[in-house]
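The values are calculated or read from the model by the stated rules, or taken from the named source; none is laboratory data. Being a predicted model, the structure only gives us computed values, none of them experimental. All Cβ positions, even for glycine, are placed from backbone atoms using ideal geometry, and neighbour counts span all protein chains on display. We work out accessible area using only protein heavy atoms, side chains counted, and drop any ligands, DNA or RNA first. Shrake-Rupley method; radii C 1.70, N 1.55, O 1.52, S 1.80 Å.
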Amino acid sequence: MPSGAPTWADGVRTLPFTTAPLRELERTNATSKWGFDRAELARIREYFRREGRDPTDVELAGLAQSWSEHCSYKSSRPILRKHFGRLPKAARVLGTGDAGVIAFEPGWAYALRIESHNHPSAVEPYGGAATGIGGILRDVLAVGAKPVALADPIFFGPPELPPEQVPPGVKSPRYLLSGVVAGIRDYGNRVGVPTVSGGVYFDPAYTVNPLVNVGCVGLLRRRDLRPNRAAAAGDRLVLVGGSTGRDGIGGVAFASKELDERSEEESRGAVQLGNPIMKEPLIHACLEAYQRGLVRGVKDLGGGGLATAAGELVHAGGFGLEIALDRVPLREPGLSPWEIWISESQERMILDVPPRHVAELLAVFAKHDVPATEVGTVVPGHRERLTFLGAPASDLELAFRIEPEPAPRPARRRSARSARSPRSPLGSPQALLEDLLLAPDSLSREPVIRVYDHEVQGRTVVKPLHGRPGSSSHGDAAVLRPRPESRRGLALTVAAQPWSCRIDPYHGAIAVVEEACRNLYAVGARPDSFTDCLNFGNPEDPGVMAELDGAVRGLAEGARAFDLVVPSGNVSLYNGGRGRGIPPTPVLLAVGVVPDLTRAVTSDLKEAGDPLYLVGKSSPELGGSLYARRTGAAGGKLPPTDPAALRRIGEALLDAGGRGLLRAVHDLSDGGLAVTLPEMAFGGGLGFEVDLAATGLGRAPLALAAEGASRFVVEVARDREEAFLRRFSTLPHGRLGTVAPGPGRFRFGAATVAELDPDRLYPRWRAGIDAAAEPRP
């Protein structure tokens, strides 16, 4: 562009950047809430000095979105490339855009992605969670896939926290839980996508900053795969879906700083407004347009709005763009050009459409009663030119906006924590059993699961709750039948171990991968892929960056060990505030392939008299365990991880399940045998007789509470026990006991040390956390 400023459009302001001292620019930055640091302000000033003019408010608003931590990953990019970039390339990965796309069976693929909506949910839990679901659906839709399943791992402070211990201006954990579950319920149910997997976690560290992670899996024909890049100069940019308003303006800047006492008042407008009634026809219209071959590239409008989506779409294709902001359909009059550019109003997509297909595309969207408007053009070169009412509003080098420099973040491991290590449990095994089983982290999630529609679309073969009618219990993963013509299935699960990662981010992250794989093996699925949401604290803290580096290294090593692909993911930083940080919380949505749906396995006990086996090697370490948390011990040594050994056990379980040797499988995780065996018994309406000495851990309380390492409880068909023993002859296993018709009895040698009375304990366990209540904020 020639030196000198053009005559800008009405409503577009220029800001004196090129001659202003940095101190003055920092004050303007603070009042405008752009979120630039000092080095970035200097870089912007130098760029516009080369341009020979001052920037417009539209240009600065767009830069603020693209350079935010939320959009640019400027702190985490080097770490992600260092570790995930070293994983071997897999031919089954077909795409790595807004969602990862993995080959499933001939002609078909599945897509997966996980995202976070943490800050919005802390301010407005219902709207924040609902729009989180809306965003993750668009991510999957943006690669050509139909969303077929949702997952919701969510984290809160202790539900029993007394009001006087809730910091001023912070919403109570129960209120947040209630609002988040309601938002996920209402959006997912109304848009017609089942919520089949998830988790509800509690810890005091999440009191100020809850974590609301949402994942989605989609299904697509391989020929319908769409890239997140423009294809050719001359193509038209068509904006489809909802209209544009002032909601969500500044959302990415809000998500790129810690919460403080002003967040509620200042940032409520940054929370978007969802509209699932618009989303469902938008999904149908997009899928029809893909199938007709009308769309060559697509991006969803999420963080940063049109600025981020259009810029990334076109830049990825190696082109420039021209957009007329006045052509964007508005929900309300009077929006400034910069507001139109960065609004995060929901239910919108930007499509790259060849000129010859525009009329047909508009007709498709009109048929579905979804607005569609041609707003711009893909152009040769690499500039971004925006107009408003025919006059210029922005003229930038697109790469300058879309490719900010990484932020130099030092990483330094924290000094060894002095947290107390858990003592080996002593005392009454009966009291220990009931304490672990009835802890908030163990209680049934049925009150949450039941408000979600997990049956819609008719694909859910293994449900989130396992067991007989009237005695449902927890399973390890849900299983879908993506196509009625095929017996091949997909299993979905989530995994998180923040307590282990707080002690050791590297080994804790490997444990998270192991947990995800155990969950998949338990239902008869071979682990295939995962997508990760990396929830961490302030990246300006060198200790947080060291935790992030360690956790990503652990996830990458776990992926390599299980031959998992990691085609997508999300990084959420700046979680915490008011002097409180969160533990390192990498969360996985993992997918496995079930070779034969008729051989899928559930966790509930099936028949009295069947033998019960403990598969895997027991380990006495209690660091990060539920027992440690119940006794206030945040330190200690973690159980050892051994992905290679788990993979051998998992393959043996898949083989045994495929041959019909197994009747029930449940992995051991939180609470050890004290939780795993009761869950299996509750689901089957049966009991058990087991000898805890089979664990080899020496004492009954330790045998009940220990969680390590990678172990399973397996019910074997009693007429196939010999075949089971032959298959597992070279793997660690031991006979625990048998399924029984009565209550559950734990022995240690000849003596009964604890008893599971289902009439007394099951109703208390099943009542769970009542997320449907409406507590006061």
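DSSP beta bridges fully contained in the chain are about 80 percent antiparallel. In order along segment 711-728, phi translates into HN-Hα couplings of 10, 9, 9, 10, 8, 9, 4, 5, 7, 10, 4, 5, 5, 4, 5, 5, 5, 9 Hz, rounded to whole numbers, per the Karplus curve 6.51 cos²θ - 1.76 cosθ + 1.60 with θ = phi - 60° and x for Gly and Pro. Its DSSP H runs of at least 4 residues, each contributing -39,500 (n - 2.57), put the calculated 222 nm mean residue ellipticity of the chain at -10000 deg cm²/dmol, to the nearest 500. Positive-end ranking of PRO447, ILE340, THR244 along the dipole of the chain, with charges on Cβ about the Cα centre, is headed by PRO447.
A simple spin-label model places the labels of ARG13 and ARG487 6.8 nm from each other, with each point 7 Å out along Cα-to-Cβ. Residues in the chain average 35 Å² of solvent-accessible surface per residue, probe 1.4 Å, ligands and nucleic acids excluded.
How much FRET efficiency would the formula 1/(1 + (r/R0)^6) give for ARG420 and ARG726, where r is the Cβ-Cβ distance and R0 is 45 Å, rounded to 0.05? Before the final figure, lay out the partial values.
Values: r = 46 Å, r/R0 = 1.01.
Rounded to the nearest 0.05, the efficiency is 0.50.
Charges at C-beta only: +1 for Lys and Arg, -1 for Asp and Glu. How large is the resulting dipole of segment 620-687 about its Cα centre, in Debye rounded to 20? It would help to have the intermediate numbers written out before the result.
Values: 7 positive and 7 negative charges, 12 e Å.
For this selection, approximately 60 debye.
I want to make sure I understand the PRE zone here: with the label point 7 angstrom from the Cα of ARG659 toward its beta carbon, which residues in segment 713-728 have backbone N atoms less than 13 Å away? From segment 713-728, the list is 717, 720-728. The long axis of helix 643-658 is offset from the longest Cα principal axis of the chain by roughly 70 degrees. The relative contact order of the chain comes to 15 percent, based on Cα pairs under 8 Å that sit 6 or more residues apart.
Annotation: amide H of GLY144 within the under-5 Å range of ARG226, sequence separation 5 or more or interchain, hydrogens built in the peptide plane. Putting +1 on Lys and Arg Cβ atoms and -1 on Asp and Glu Cβ atoms, find which of ALA556, LEU654, LEU490 reaches farthest to the positive end of the dipole of the chain. Value computed over the given set: LEU654.
Pairs of Cα atoms nearer than 8 Å and 6+ residues apart set the relative contact order; for segment 283-383 it is 45 percent.
Could you check how much of the accessible area of the chain is carbon and sulfur, as a whole percent, using a 1.4 Å probe? All intermediate terms of the calculation are to be shown ahead of the outcome.
On the way: 13540 of 27170 Å².
Reported share for carbon and sulfur atoms: 50 percent.
Based on Cα atoms of segment 677-777, Rg over Rh with Rh as the Kirkwood radius reads 1.06. Normalised by 2.2 N^0.38 Å, where N is the number of residues, the C-alpha radius of gyration of the chain stands at 0.97.
Taking amide H atoms as placed 1.01 Å from N in the peptide plane, the amide H of LEU94 lies under 5 Å from those of VAL101, ILE102, ALA103, each 5 or more residues away in sequence or on another chain.
Under 16 Å from a label point set 7 Å out along the Cα-to-Cβ vector of ARG413, the amide N atoms of segment 497-523 belong to 501-510. About its Cα centre, the dipole of the chain is roughly 1560 debye, where the only charges are +1 on Lys and Arg Cβ and -1 on Asp and Glu Cβ. Label zone (ALA751, point 7 Å along Cα-to-C-beta; backbone nitrogen cut-off 13 Å) within segment 426-445: 427-430. The HN-Hα couplings worked out from phi for segment 155-171 by the Karplus form 6.51 cos²θ - 1.76 cosθ + 1.60 (θ = phi - 60°) are 10, 9, x, x, x, 8, 4, x, x, 5, 9, 7, x, x, x, 9, 7 Hz, whole numbers, x standing for Gly and Pro. Summing Lys and Arg as +1 and Asp and Glu as -1 over all other residues whose Cβ lies under 13 Å from the Cβ of GLU455 gives a net charge of +3.
Between the amide H of ARG383 and those of GLY320, LEU321, LEU398, distances stay under 5 Å, these residues lying 5 or more places away or on another chain, with hydrogens modeled in the peptide plane.
Between PHE748, LEU725, GLY687, the Cα set farthest toward the positive side of the dipole of segment 680-777 (charges on each charged residue's Cβ, about the Cα centre) is that of LEU725.
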